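Peer 1: I have a structure here, written as structure tokens, and I will follow up with some questions on it.
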Amino acid sequence: MAKPRSTKSLSADLVVVANRLPVKRVENDNGDLEWRTSPGGLVASLAPAIAEFNGVAWLGWTGEDTTRTVAPFVLDGMQLVPVRLSEAERELHYEGMSNGTLWPLYHDKVQPGEFHRHWYEGYRSINRRFADAAAKVASEGAMVWVHDYQLQLVPDMLRELRPDLKIGFFLHIPFPSPELFSQLPWRRALTSGLLGADLVGFQSPSDANNFHRLAIGLGLATRTSRSGLDVDGRAVTVRSFPIGIDFQRYDEAANDHAVTEAAQDLRAQLGQPHTVMLGVDRLDYTKGIDVRLRAFKELLADELLHPSQVSMIQIAEPSRDQVDAYVSLRERVERLVGEINGDFGRVGYPVVHYIHRTRSFEELLAMYRAADVMLVTPFRDGMNLVAKEYVAARVDESGVLVLSEFAGAAHQLKDALLVNPYDIDGVKNAILRAVEMGPDEARRRMRAMRRLVKKNDAVSWAAGFLNTLRSI
Ligand code: G6P
């Protein structure tokens, strides 16, 4: 890994603007803190693009509360520009408007959101800070790619500052129906914010269509085509670009000897040769963790599954634990896990193995390889990359994916067992079908899904977006 070095005069032909920087500060062998790029994710999909551009910069929050500006630095060929966020600002922008208002509303109000004027003011001032920073870094005529719901006002703010730029925006989460979105007191400003971009990208065609209808309905744009809008004489393209994963990285690592052994160890630890079911999620109320636990509990109570023949591993990665709804979700999930183990576990043999910690890449892969059935049951999800990761890790083409039809991934992974997470009997039936599925059917389905995840990988997603933006 390249040693980080500070950089004085920045100028980039491609500027990525995202709420978080793709780095973490970790302790090195000498006990000093240094920045390391988080492998995988968005940064991996941009790797080939880095070579094409004359300088790539990434602007984002470090995840640490800072009142002072942290100097930009270069890491792995990319200029990283930290945007400061104090604790008070974080409460308004991140926990407040982003995750207390927009997140629940965009996920079909699975939880009621709160609307607060001071949250919005905080959100606007942080969006202004990101826009100002991007305007300083971008070279003449550069492409700027803004990401996600935390930064929706940036495209328009940036266009005012720098009309020479080509601006793209991609929303990683779902975009709600115009009827739901219209509850927002700031609906016009947030829509105009996005319309500042030349290209607005979404995960699925229905998300793109919702935004297209909204912009016209609010009278902020006129229709030029199914994916085209006219905004005061300027063309804006609205399209879907379903995000992918770094298939090769998962495929290769899953074949690794150490991972294969770890998967075998895990199965041995679980006891009898039996069915292992797995859930891997951020501990978020949109993910339907409670749904699959309830379905599992009822199947055990109905004696359709037997505790000596089946077990479930649930990884629940800690997330946004300063937001009330996440605190109560944790209580709910942990109570259910306790009930299931209390009712059906034996000494040394719990039926649900619940892990409320972040697991390493290798540990996750071993779990993907050990699991016969993967349960992905969100009430609503932009894409759900875990579903794709499981598929990429199933190098022997076995394993069954149970997938919510309300995850963006369901538009692509039609060979999964699709379920409605609001229909608990439907989820129970799908789990039983997955447990009982014969190897030939499972292989046929998995093979088809692997082809699709491989073809539509992260690199092709990023290239698709950037090439479209370039050609506009
Ligand atoms: C979703 C969002 C991302 C966000 C991630 C983790 O995938 O689309 O923008 O970074 O969740 O959430 P966090 O709040 O920890 O950044």
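The values are calculated or read from the model by the stated rules, or taken from the named source; none is laboratory data. Treat the numbers as computed from the prediction; the structure is a model and nothing was measured. Cβ placement follows ideal geometry from the backbone for every residue including glycine, while neighbour counts extend to all protein chains displayed.
Peer 1: For segment 84-105, name all the residues that are in contact with a Lys or Arg (Cβ under 8 Å, 6 or more places away or on another chain) and either in a strand (DSSP E or B) or modelled with pLDDT of 95 or more (or both).
Peer 2: Of segment 84-105, the ones in contact with a Lys or Arg (Cβ under 8 Å, 6 or more places away or on another chain) are 84, 95, 99.
Matches in segment 84-105: E95, N99.
Peer 1: Could I ask something else about it? Given the criterion among the basic types (K, R) and farther than 21 Å from V16 by Cα, identify the matching residue among R124, R68, R90, R129.
Peer 2: Numbers: R124 fails: farther than 21 Å from V16 by Cα; R90 fails: farther than 21 Å from V16 by Cα; R129 fails: farther than 21 Å from V16 by Cα.
It is R68.
Peer 1: Of all residues in segment 372-403 being more than 16 Å from the ligand (Cβ to nearest atom) and polar (S, T, N, Q), which is surrounded by the fewest Cβ atoms within 10 Å (Cβ to Cβ)?
Peer 2: Of segment 372-403, the ones more than 16 Å from the ligand (Cβ to nearest atom) are 372-375, 377, 390-403.
Those still in the list that are polar (S, T, N, Q) too: 377, 398.
Working: T377: 27, S398: 13.
For segment 372-403, the residue satisfying everything is S398.
Peer 1: Okay, next question. Does any residue of segment 277-286 turn out to be farther than 27 Å from K428 by Cβ and of a type in the set (V, I, T)? Break it down into steps so the answer makes sense when it comes.
Peer 2: Restricting attention to segment 277-286, the residues satisfying the condition of being farther than 27 Å from K428 by Cβ are none.
For segment 277-286, residues farther than 27 Å from K428 by Cβ and of a type in the set (V, I, T): absent.
Peer 1: Can you give me the number of residues within segment 317-338 that are hydrophobic (A, V, I, L, M, F, W, C) and either surrounded by fewer than 19 Cβ atoms within 10 Å (Cβ to Cβ) or within 16 Å of the ligand (Cβ to nearest atom) (or both)? Spell out the reasoning first.
Peer 2: So in segment 317-338, the residues hydrophobic (A, V, I, L, M, F, W, C) come out as 323, 325, 327, 329, 333, 336-337.
Next cut, either surrounded by fewer than 19 Cβ atoms within 10 Å (Cβ to Cβ) or within 16 Å of the ligand (Cβ to nearest atom) (or both) only: 323, 325, 327, 329.
So the answer is 4.
Peer 1: Return the pairs, sorted by first residue and then second, in which the second residue is polar (S, T, N, Q), the first residue lies in segment 96-110 and is within 11 Å of the ligand (Cβ to nearest atom), the beta carbons are less than 6 Å apart, and the residues are 6+ apart or on different chains.
Peer 2: S98/Q150; H107/T286
Peer 1: Moving on. Looking at segment 68-87, I want the residues that are without any contact (Cβ under 8 Å) to a residue 40 or more places away in the chain and hydrophobic (A, V, I, L, M, F, W, C) and have a partner that is surrounded by 16 or more Cβ atoms within 10 Å (Cβ to Cβ) and in a loop (DSSP other than H, G, I, E, B) with Cβ atoms under 8 Å, at least 6 apart or on another chain. Which pairs are those?
Peer 2: V70/T62; V70/R84
Peer 1: I've got another one for you. Are any residues in segment 165-178 hydrophobic (A, V, I, L, M, F, W, C) and in a strand (DSSP E or B), and if so, which ones?
Peer 2: Here is the first cut: in segment 165-178, the ones hydrophobic (A, V, I, L, M, F, W, C) are 165, 167, 169-171, 173, 175.
I167, F169, F170, listed by residue number.
Peer 1: Can you name the number of the only condition in (1) within 16 Å of the ligand (Cβ to nearest atom); (2) surrounded by fewer than 22 Cβ atoms within 10 Å (Cβ to Cβ); (3) within 23 Å of G60 (Cβ to Cβ) that S204 fails?
Peer 2: (3)
Peer 1: Which one of these is in contact with a Ser or Thr (Cβ under 8 Å, 6 or more places away or on another chain) and among the hydrophobic types (A, V, I, L, M, F, W, C): A221, A208? Write out each step before concluding.
Peer 2: On the way: A221 fails: in contact with a Ser or Thr (Cβ under 8 Å, 6 or more places away or on another chain).
That would be A208, the only listed residue that is in contact with a Ser or Thr (Cβ under 8 Å, 6 or more places away or on another chain) and among the hydrophobic types (A, V, I, L, M, F, W, C).
Peer 1: Which members of segment 258-306 meet the condition of being within 16 Å of the ligand (Cβ to nearest atom), buried (at least 18 other Cβ atoms within 10 Å of the Cβ) and of a type in the set (K, R)? Spell out how you get there, then give the answer.
Peer 2: The first filter runs over segment 258-306 and keeps only residues within 16 Å of the ligand (Cβ to nearest atom), leaving 280-289.
The next check asks that each one be buried (at least 18 other Cβ atoms within 10 Å of the Cβ); those that pass are 280-281, 283-289.
The one that is within 16 Å of the ligand (Cβ to nearest atom), buried (at least 18 other Cβ atoms within 10 Å of the Cβ) and of a type in the set (K, R): K287.
Peer 1: Let me ask another. Which ones in segment 174-185 are within 26 Å of A131 (Cβ to Cβ) and surrounded by fewer than 21 Cβ atoms within 10 Å (Cβ to Cβ)?
Peer 2: Of segment 174-185, the ones within 26 Å of A131 (Cβ to Cβ) are 174-176, 178, 181-185.
Of everything in segment 174-185, those that are within 26 Å of A131 (Cβ to Cβ) and surrounded by fewer than 21 Cβ atoms within 10 Å (Cβ to Cβ) turn out to be P178, S182, Q183, L184, P185.
Peer 1: Let me ask you something else. Can you report the number of residues in segment 111-164 which are among the hydrophobic types (A, V, I, L, M, F, W, C), within 16 Å of the ligand (Cβ to nearest atom) and not in a helix (DSSP H, G or I)? Steps first, please.
Peer 2: From segment 111-164, those among the hydrophobic types (A, V, I, L, M, F, W, C) are 115, 119, 126, 130-131, 133-135, 137-138, 142-146, 151, 153-154, 157-158, 161; that's our starting set.
Cutting the leftovers down to within 16 Å of the ligand (Cβ to nearest atom) gives us 119, 126, 130, 145-146, 151, 153-154.
If we keep only those that are not in a helix (DSSP H, G or I) too, we end up with 145-146, 153.
Total satisfying the criteria: 3.
Peer 1: Restricting to segment 105-156, count the residues that are farther than 22 Å from E91 by Cβ and either in the same structural domain as Y285 (by TED's automatic domain parsing) or among the aliphatic types (A, V, I, L, M) (or both).
Peer 2: 9
Peer 1: How many residues are closer than 16 Å to L195 by Cβ and away from the ligand (no atom under 16 Å from the Cβ) if we restrict to segment 169-181? If you could, list the steps in order and put the result at the bottom.
Peer 2: To start, the set of residues in segment 169-181 that are closer than 16 Å to L195 by Cβ comprises 169-171, 175, 178, 181.
Filter once more, keeping what is away from the ligand (no atom under 16 Å from the Cβ): 178, 181.
The total comes to 2.
Peer 1: Sort out which residues of segment 230-276 are hydroxyl-bearing (S, T, Y) and under 20 Å from the mean Cα position of the chain (by Cα), and write them in order of number.
Peer 2: S240, Y250
Peer 1: Pairs, please: C-beta under 6 Å, at least 6 apart or cross-chain, first residue farther than 18 Å from V238 by Cβ and in segment 179-206, second buried (at least 19 other Cβ atoms within 10 Å of the Cβ)?
Peer 2: W186/Y120
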